[in-house]
Amino acid sequence: MRLVLVGPPGAGKGTQAEFVAAHLAVPKISTGDIFRANVTLGTPLGVEAKRYMVAGLLVPDEVTINMVAERLAENDATDGFLLDGFPRTTPQAVALDKLLADLGTALDVILELVVDEDEVIRRLSGRRTCRGCGKIWHVEFDPTTREGVCDRCGGELFQRDDDKAETIAERMRVYARDTAPLIDYYGTQGKLVGIDATGPVEDITVRAIDALRSYGG
Ligand code: AP5
Ligand code: MG
């Protein structure tokens, strides 16, 4: 299955991507994670991406599209994938459709995680991520047993640079302006399915898997 997860910052894309990709047995491809890994390694891509990420702005389309095209060309993505955080602009969506059409294929479904703004602000302000395995936690909604230490791998937890109040506000503005139009874009293709992304994480995963079933998932 070729699937895209869309939703505002903090909607739970990364959290659900892990479970849904495992269920579908497809690789999870998160552009935010790839950029953050490059920032950590100090690659030229990371140096460029960081300038935008710390300000809550989008990395330019050309850079992002080339990066995703390279990733989708890897062997594990031939039969399916789950994209988290891409596409995020209309030019990115058009480029992805073209890339897949050139390969003789297409997206199957776009899953929208629907959450209101107050809830995403609560989620982002308390988010912690593991440096070791990348697992996403929350100080209040999904806390670890020992503060600052990952229950899964024992790694150190950190708070993302872009989870500060003023950067969160900018990311929400950018989402409304640049990414929300994709809901219509995919809606007119008849490939959009939205689910209520509030409540326990496990319940949302069940809703997601149910919603994907009628698209072959
Ligand atoms: P990216 O990493 O994609 O950030 P984002 O879209 O802002 O989304 P987040 O990762 O913040 O939220 P999420 O939906 O994954 O939520 P999560 O599961 O973590 O992008 C970062 C930056 O990279 C961008 O700003 C941009 O600069 C650049 N970039 C990336 N892609 C790009 C692109 N295509 N084009 C250009 N630039 C790009 O959950 C959030 C919190 O909520 C966690 O703490 C979690 O534990 C908690 N939580 C999850 N589910 C629940 C629940 N059901 N109940 C309570 N808490 C929950
Ligand atoms: Mg994420």
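The values are calculated or read from the model by the stated rules, or taken from the named source; none is laboratory data. Quick caveat, the model's predicted, so the values are computed rather than measured. Don't worry about glycine lacking a Cβ; one is built from the backbone with ideal geometry, like all the others, and counts go over all protein chains shown. These accessible areas exclude ligands, DNA and RNA; they are computed on the full protein's heavy atoms, side chains included. Shrake-Rupley method; radii C 1.70, N 1.55, O 1.52, S 1.80 Å.
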Exercise. With the Cα gyration tensor of the chain in hand, give its eigenvalues times 5 under a square root as the equivalent ellipsoid semi-axes, listed largest first in whole angstrom.
Key: 25, 21, 18
Quiz item: In whole percent, what relative contact order does segment 23-95 give with Cα contacts below 8 Å and a gap of six or more residues?
Solution: 44
Self-check item: Fluctuation leader among 84, 118, 151 - the chain, Gaussian network, Cα springs under 10 angstrom
Solution: 118
Quiz item: By how many nm would the segment from residue 184 to residue 164 lengthen if fully extended, with 0.36 nm per residue of separation less the alpha-carbon distance?
Solution: 4.2 nm
Quiz item: Given a 1.4 Å probe, how much area per residue of segment 52-192 is accessible, in Å²?
Solution: 52
Quiz item: Using helices alone, what [θ] at 222 nm do you get for the chain, with -39,500 (n - 2.57) per DSSP H run of 4 or more residues, divided over all residues and rounded to the nearest 500?
Solution: -13500 deg cm²/dmol
Quiz item: Using 7 Å Cα-to-Cβ label points, what is the residue 33/residue 125 separation (nm, one decimal)?
Solution: 2.8
Self-check item: Max mean-square fluctuation residue, GNM over the chain, Cα-Cα springs under 10 Å, options 51, 128, 146
Solution: 146
Self-check item: C-alpha center-to-center spacing [segment 58-111, segment 171-217] in angstrom
Solution: 17
